Amino acid sequence: MSTPLKRTPLYAEHVAAGARMVPFGGWEMPVQYAGIVEEHRATRHAVGLFDVSHMGEFEVEGPGALAALQYLTTNDVAALEVGQIQYSVLCYPSGTIVDDLTVYRMGDERYMITVNAGNIDKDWAHVTTSTEHIRDARWRNASEGTGLIAVQGPKAEALVGGLADRDVTGLGYYRFARGRVGEVPTVISRTGYTGEDGFELYAPADGTVTLWKALLAAGRAAGAVPVGLGARDTLRLEMKYALYGNDIDDTTNALEAGLGWVVKPAKGGFIGREALEKVRAEGPRRRLVGIEMVDRAVARHGYPLQKDGRAIGIVTSGSYGPSVDKYIGIAYVETALAAVGTALEVEIRGQAKAARVARTPFYPPKVKKPG
Amino acid sequence: MANVPKDLRYTREHEWAKQEGDRVRVGITAYAQEQLGDVVFVELPKVGAKVTAAKNFGVVESVKAVSDLFAPISGEVAEVNGELAQKPEIVNQDPYGKGWMLVVKPSSKGEWDQLLTAQQYEELIAQGGH
């Protein structure tokens with residue numbers, strides 16, 4: 001059985017620009033335009049434009065909206081001010097992960113959550129059925145009507161600021177504001193998935209092409225280029241940002257994944273709380289760590305890890321990191337072997353290749369200070 | 001359309017072979033490196049290793065993908081391009097020149113004629129490469 005791939009409002013722009021289109025999470029998306037390494041470097045040194053319109057957006061509104069989100073997510077939504085954003089996780093009762101997400105407080109009793117493209121249907125079912133007992137929380141799936149463009153890199157602020165009808169320089173990390181960018185009404189969010197300063201611009205689907213063209217035209221002189229999913233992956237890998245489906249999924253719990261900083265049991269009850277409290281008390285058996293290769297070889301998702309011939313974990317992401325010029329990866333290893341510098345071997349095509357646990361992020365983040 | 005030099009022979013898996021006296025130089029085609037994207041790692045056999053026609057002799061990895069390399073002909077590896085270990089991107093920059101991979105001393109003569117001609121290879125990639 002195969003269902004047709006979905007397309008973002010920018011599909012025709014990507015094809016016209018000569019992008020190589022690939023299936024990703026049920027969507028037909030650009031994996032690269034000029035080349036993954038070139039796009040990666042352009043983002044680190046100038047500014048990259050990413051079509052991430054495939055991501056899902058749900059809104060929840062009403063006197064019960066806060067209670068619904070507190071029950072669904074692991075982080076403390078009550079700590080959010082209007083205009084503030086929070087990274088968080090949706091868990092199953094077992095403490096394993098439905099999805100990771102960002103939570104936006106749009107108004108006193110109004111929130112938006114942004115979820116991964118491949119999880120939209122699953123997440124929608126999860127959030128609506130799990131909160132049926134909570135009164136006065138109205139959910140709306142805004143995914144189809146919403147486009148999303150990430151503008152990332154040291155020149156992102158000048159580019160977005162130059163097109164916006166409001167100041168963006170005062171917007172702190174994980175804060176957002178409403179404004180027009182290139183005449184398109186947007187939510188200007190100081191967030192991203194690259195480790196660079198930058199923005200994610202939410203726009204109506206029918207304004208997304210206008211916004212994309214305005215950004216490309218205004219940014220050309222500064223070196224703005226469209227960036228595909230290939231470089232999005234190497235950029236996030238250098239930051240050790242988890243990717244759902246690779247590093248985290250419904251078999252990994254939030255604590256072993258290193259997401260304990262967004263698990264706040266003191267806030268009250270939420271799905272997965274008891275299981276995660278137990279994991280926290282006993283200590284996770286394995287941990288998600290960064291690894292770097294010592295031997296020349298590339299670790300890839302699914303490759304086994306061993307030490308002295310004994311299986312001790314598994315690689316969840318791996319590639320070449322263009323900005324660190326090393327073969328790097330993310331892996332689950334037994335807790336006792338999670339210390340930086342620990343020597344390990346990655347089994348690659350039947351051969352044990354030397355690697356070690358690395359300090360992360362691999363590349364120093366340049367994100368804006370929290371405001 | 002990717003460059004397909006007339007004086008080379010080709011495999012269906014996108015390797016090229018070049019007769020140099022009694023030896024054969026081997027690499028991957030311009031089409032192959034375009035399809036792969038940025039090459040970040042190349043794993044090759046050692047000098048003296050035996051390779052077998054149509055069998056895997058190494059691996060080329062791009063940022064996103066791992067691809068096997070297939071020998072155009074059987075024989076013994078006489079030379080290996082050691083520069084690719086440090087600078088795998090040469091495969092993208094100059095696939096028919098500095099990006100070569102092996103020089104093989106062929107062990108049988110008949111295999112050369114089994115390889116695709118430039119025209120046959122052009123037809124293959126015009127159909128999408130499969």
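The values are calculated or read from the model by the stated rules, or taken from the named source; none is laboratory data. Remember, predicted model here, so these are calculated numbers, not experimental data. When we count neighbours, we look across all protein chains shown, and the Cβ atoms used for this are built from the backbone with ideal geometry, even at glycine.
Only one of (1) more than 14 Å from chain A (Cβ to nearest Cβ); (2) at pLDDT 95 or above is not met by residue B:3, so which one is it?
(2) is the only condition that residue B:3 fails.
For residue A:30, only one of the following conditions fails: (1) more than 14 Å from chain B (Cβ to nearest Cβ); (2) over 20 Å from residue A:198 (Cα atoms). What is its number?
(1)
Is it true that residue B:86 is within 29 Å of residue A:233 (Cα to Cα) and surrounded by fewer than 19 Cβ atoms within 10 Å (Cβ to Cβ)?
yes
Table: residues versus (1) charged (D, E, K, R); (2) assigned by TED's automatic domain parsing to the domain that holds residue A:151; (3) buried (at least 21 other Cβ atoms within 10 Å of the Cβ); (4) in contact (Cβ under 8 Å) with a residue 60 or more places away in the chain.
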position	(1), (2), (3), (4)
A:23	no, yes, no, no
A:26	no, yes, no, yes
A:30	no, yes, yes, yes
A:35	no, yes, no, no
A:39	yes, yes, yes, yes
A:45	no, yes, no, yes
A:60	no, no, yes, yes
A:65	no, no, yes, yes
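Can you tell me which condition residue B:79 does not meet? The list is (1) in contact with a strand residue (DSSP E or B) (Cβ under 6 Å, 6 or more places away or on another chain); (2) among the charged types (D, E, K, R); (3) loosely packed, with under 14 Cβ neighbours inside 10 Å, and all the others hold.
Every listed condition holds for residue B:79 apart from (3).
Among residues belonging to segment B:49-108 that are within 12 Å of another protein chain (Cβ to nearest Cβ) and of a type in the set (Val, Ile, Thr), point out the one that is nearest to residue A:31 (Cα to Cα).
Per the criteria, the residue is B:63.
Evaluate segment A:254-273: report whether one residue or more is in contact with a Gly (Cβ under 8 Å, 6 or more places away or on another chain), more than 30 Å from residue A:131 (Cα to Cα) and either in contact (Cβ under 8 Å) with a residue 12 or more places away in the chain or away from chain B (no Cβ under 14 Å) (or both).
no
Restricting attention to segment B:89-116, which residues are surrounded by fewer than 14 Cβ atoms within 10 Å (Cβ to Cβ) and closer than 30 Å to residue A:317 by Cβ?
B:93
Across segment B:22-48, what is the total count of residues that are within 13 Å of another protein chain (Cβ to nearest Cβ) and within 25 Å of residue B:118 (Cβ to Cβ)?
Residues flagged as within 13 Å of another protein chain (Cβ to nearest Cβ) and within 25 Å of residue B:118 (Cβ to Cβ) within segment B:22-48 amount to 8.
Scan segment B:60-74 for residues that are surrounded by fewer than 22 Cβ atoms within 10 Å (Cβ to Cβ) and in contact with a Ser or Thr (Cβ under 8 Å, 6 or more places away or on another chain) and jot them down.
The answer is B:64, B:70, B:74.
Identify the single condition in (1) in contact with a Phe, Trp or Tyr (Cβ under 8 Å, 6 or more places away or on another chain); (2) of a type outside the set (Asp, Glu); (3) assigned to a strand (DSSP E or B); (4) away from every other protein chain (no Cβ under 14 Å) that residue A:312 does not satisfy, given that it satisfies every other one.
Checking residue A:312 against (1) in contact with a Phe, Trp or Tyr (Cβ under 8 Å, 6 or more places away or on another chain); (2) of a type outside the set (Asp, Glu); (3) assigned to a strand (DSSP E or B); (4) away from every other protein chain (no Cβ under 14 Å), the one that fails is (1).
Picking from A:358, A:336, A:354, which residue would you name as being within 20 Å of residue A:246 (Cβ to Cβ) and either of a type in the set (A, V, I, L, M) or more than 14 Å from every other protein chain (Cβ to nearest Cβ) (or both)?
A:358
I'd like to check something: does segment A:335-342 contain any residue that is under 11 Å from residue A:293 (Cβ atoms) and either of a type in the set (Val, Ile, Thr) or assigned to a strand (DSSP E or B) (or both)?
Checked segment A:335-342: no residue is under 11 Å from residue A:293 (Cβ atoms) and either of a type in the set (Val, Ile, Thr) or assigned to a strand (DSSP E or B) (or both).
In segment A:106-144, how many are among the polar types (S, T, N, Q) and farther than 22 Å from residue A:79 by Cβ?
6
Regarding residue A:305, is this residue modelled with pLDDT of 95 or more, hydrophobic (A, V, I, L, M, F, W, C) and closer than 30 Å to residue A:65 by Cβ?
Criteria not met by residue A:305.
Name, by its number, the condition in (1) among the aliphatic types (A, V, I, L, M); (2) part of a strand (DSSP E or B); (3) surrounded by fewer than 22 Cβ atoms within 10 Å (Cβ to Cβ) that does not hold for residue A:101.
Of everything listed in (1) among the aliphatic types (A, V, I, L, M); (2) part of a strand (DSSP E or B); (3) surrounded by fewer than 22 Cβ atoms within 10 Å (Cβ to Cβ), residue A:101 misses just condition (3).
From the list A:302, A:290, which residue is crowded, with 20+ Cβ neighbours inside 10 Å, within 22 Å of the chain's Cα centre (by Cα) and under 26 Å from residue B:43 (Cα atoms)?
When all the criteria are applied, what remains is A:290.
Spot the failing condition for residue A:320; the list is (1) in the same structural domain as residue A:345 (by TED's automatic domain parsing); (2) surrounded by fewer than 21 Cβ atoms within 10 Å (Cβ to Cβ); (3) of a type outside the set (Gly, Ala, Ser), and only one is missed.
Tallying (1) in the same structural domain as residue A:345 (by TED's automatic domain parsing); (2) surrounded by fewer than 21 Cβ atoms within 10 Å (Cβ to Cβ); (3) of a type outside the set (Gly, Ala, Ser), residue A:320 fails exactly one: (2).
Could you please find all residues in segment A:209-235 being touching an Asp or Glu at 6+ places or on another chain (Cβ under 8 Å), buried (at least 23 other Cβ atoms within 10 Å of the Cβ), away from chain B (no Cβ under 14 Å) and assigned to a helix (DSSP H, G or I)?
Within segment A:209-235, A:212 is the sole residue that qualifies.
Just one of the numbered conditions (1) over 20 Å from the mean Cα position of the chain (by Cα); (2) within 14 Å of another protein chain (Cβ to nearest Cβ); (3) not hydroxyl-bearing (Ser, Thr, Tyr) is not true of residue A:23; which one?
(1)
Under 6 Å between Cβ atoms, at least 6 apart or on separate chains: pull out the pairs that start in segment B:82-99 with a residue that is modelled with pLDDT of 95 or more and end on any residue that is in a helix (DSSP H, G or I).
Listed by first residue and then by second, the contacts come to B:91/B:33; B:92/B:33; B:95/B:30; B:95/B:33; B:98/B:90; B:99/B:90; B:99/B:91.
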